[in-house]
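Here is the structure we will look at, set down as structure tokens.
The values are calculated or read from the model by the stated rules, or taken from the named source; none is laboratory data. What you see is a predicted model; the values in this text were computed from it and never measured. As a convention, Cβ positions derive from the backbone with ideal geometry for all residues, glycine included, and neighbour counts pool all protein chains shown.
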Protein chains: 2
Amino acid sequence: MKNMKLSNLGEKKIIKKLMDLIDIGDDAAYIPFDDKFLVASTDMMYCKTHILKEMSYRQIGKKIVAINFSDIASMGAEPFGFLLSCGSPDMEFENFNEIISGVSDQCKKYNSKFLGGDTNETDELTLAGTALGLTEKPVLRSGAKVGDIVAVTGFLGTSALGVEILLKKLINFNEIEGEILKETLEPEPRVPEGKFLKNYANSMTDVSDSLTVSLYDIADMSNAGIELNLNKIPISNNVIKTSGKLNLNPINYALYGGGDYELLFTVSKENWEKIKIKNSRSGFKYKFTRLGEVVKGRGVFAGGKKIRNSGYEHFRVL
Amino acid sequence: MKNMKLSNLGEKKIIKKLMDLIDIGDDAAYIPFDDKFLVASTDMMYCKTHILKEMSYRQIGKKIVAINFSDIASMGAEPFGFLLSCGSPDMEFENFNEIISGVSDQCKKYNSKFLGGDTNETDELTLAGTALGLTEKPVLRSGAKVGDIVAVTGFLGTSALGVEILLKKLINFNEIEGEILKETLEPEPRVPEGKFLKNYANSMTDVSDSLTVSLYDIADMSNAGIELNLNKIPISNNVIKTSGKLNLNPINYALYGGGDYELLFTVSKENWEKIKIKNSRSGFKYKFTRLGEVVKGRGVFAGGKKIRNSGYEHFRVL
């Protein structure tokens, strides 16, 4: 390891190397607590890499909560508290207040307390959030069983397409589809869906780094393979329409793009039938889509061909 | 509030203004949890303002845990878990590993789990820690009663003197007293002391921003005043000796310097007699020193004269 730089490794490998020092749980850490599990997760947003300049201060505040609550939701837990360490350059108090109001609003929306935090002076806006949650039964990435249905909440690729449009200014801001802007600038964690799914899913994670990264995570940690049906990947009509106009292939955003906060999960065939009915009847905002199956072997395949494991990763020199 | 910048306010006032949005507890937030209280706190360290260049990577890792555990200890709670969000420029993996090993060691030392975290690429090293703890009885800043003895663990001013020596290169590194270097570069949270004191203290906080800041916090939040005996402020022999050589007044560091992680607390006279005996017998590393009394009125006084409320504060233009 002499003279090995972080950029030679990439975030995934760094974390693997540090695993023996860290009691990392899963998407979040989980600790037995009387008859439940306390679930805790931390996630940082850094101005230059995480914050699009089209985001309002309030949206920045909402997002630091959303990405942390997503890790709680993906464990099948319900968030109850949030803490914020905020590093900021000198700025208008009104703007700072908008960030904090966004945090506060988002906490309230998910019945959580904003438990406070720490303010620091830094050169670039840097927000570190910690979310706390509870569940009777944490759903891990490692629980997938051969024969399970692989499914996902909502649509994929929306946020990655939105980021591309904004960064490259492919469309005037005012002409971007509302759904794409919303998912890109103001994503919501799938908290009610996670709470519902914990009673059925054998494994679960969110797809924040990309669908393929999360499929590989579940497959590898469960010592199994996944066969993916590319035709079934749920992509919204707005994304199909917009990417068509721009001559872009939406499936690439859905497979390899980060920034969606949908839940990827596996369930037994019996449970899939149960949740399919409940999903259609219960008024969930996000439809569950079956997109593959857990199989023997290792890796993620589509039509027998291995799929590339690629998504957003820090310290990765591409 | 139009056109008001953070630097016009200072950290204390910023936090006060945001109080109605935040359910801040005290040094840490506390939430009833079965028959106990879950205590949670977050604190950030930023390269340019918190990390002396004399610190080793391992000391940096230890310190981010120490400052967070100090907030847990000052509530009379015992830490059980720690999470780290780490923003870092590209660096040698060995150095990064040293930071994480420091975090891991410090967690183990205080019987806590290193519950994992998040790594991000940032321009400057930025560590945000969150500590979780438990207590049957959180000790707040607001519980001081008129007639209480005001006391403190250990010695004051050590770290502030050490920072001054290092920043201004007043003494060759190798010739600085070991005790001063240790408290400056590798402070320890007073976890056993906090656990012991929770059964006796009416109010408690740490003195990380300065003694006077913490005295004012306790006085203001308890709607009381504090009469301080300047002659009783505990300053170590090494600090007296070193500051004497440098022609510096150690009392200034003890009153207004940040970076010490001692506990400031108030107890009834009856309890003071009890803990005095236990403190001398029980092999605590840090002696408790009586340095004042809670009185009627508001503010902090010494010999009838009001003491300046001053210490380390972010976003403060001095």
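Observations, loosely collected:
- Count of the stretch B:97-116 residues which are assigned to a strand (DSSP E or B) and on the phi < 0 side of the Ramachandran plot: 3
- Residue satisfying all of: in the stretch B:32-44; assigned to a strand (DSSP E or B) and within 8 Å of another protein chain (Cβ to nearest Cβ); nearest to A:Thr126 (Cα to Cα) among these: B:Met44
- A:Val163 vs. criteria crowded, with 24+ Cβ neighbours inside 10 Å and either touching a residue at least 24 places away in the same chain (Cβ under 8 Å) or closer than 30 Å to A:Asp220 by Cβ (or both): no
- Screening the candidates B:Gly133, B:Gly194 for the property of being surrounded by 20 or more Cβ atoms within 10 Å (Cβ to Cβ), in contact (Cβ under 8 Å) with a residue 60 or more places away in the chain, under 27 Å from B:Lys62 (Cα atoms) and under 15 Å from the mean Cα position of the chain (by Cα) yields one hit, B:Gly194.
- Residues that are closer than 16 Å to B:Met75 by Cβ and at the interface with another protein chain (Cβ under 7 Å from one of its Cβ atoms) within the stretch B:97-142 comprise B:Thr130, B:Leu132, listed in sequence order.
- B:Phe155 falls short on exactly one of the conditions (1) more than 11 Å from chain A (Cβ to nearest Cβ); (2) part of a helix (DSSP H, G or I), and that condition is (2).
- Every condition in (1) crowded, with 24+ Cβ neighbours inside 10 Å; (2) part of a loop (DSSP other than H, G, I, E, B) is met by A:Ile64 except one, and the failing one is (2).
- The residue that is surrounded by the fewest Cβ atoms within 10 Å (Cβ to Cβ), among those in the stretch B:69-106 that are under 20 Å from B:Asp27 (Cα atoms) and aromatic (Phe, Trp, Tyr), is B:Phe80.
- Applying a threshold of 9 Å to beta carbon distances and a minimum spacing of six or more residues, or different chains, the list of pairs starting in the stretch A:75-96 at a residue that is more than 7 Å from every other protein chain (Cβ to nearest Cβ) and assigned to a helix (DSSP H, G or I) and ending at one that is surrounded by 16 or more Cβ atoms within 10 Å (Cβ to Cβ) and modelled with pLDDT of 90 or more reads A:Asn95/A:Tyr57.
- A:Gly178 meets each of the listed conditions (1) surrounded by fewer than 24 Cβ atoms within 10 Å (Cβ to Cβ); (2) under 21 Å from A:Lys269 (Cβ atoms) apart from (2).
- Candidate set from the stretch A:16-31 (those that are at pLDDT below 80 and more than 7 Å from chain B (Cβ to nearest Cβ)); member that is surrounded by the most Cβ atoms within 10 Å (Cβ to Cβ): A:Asp27
- Residue match in the stretch A:210-232 (condition: of a type outside the set (Asp, Glu), modelled with pLDDT of 95 or more, farther than 16 Å from A:Gly259 by Cα and within 12 Å of the chain's Cα centre (by Cα)): no
- For B:Met55, the criteria (1) within 7 Å of chain A (Cβ to nearest Cβ); (2) modelled with pLDDT of 90 or more hold in every case but one, which is (1).
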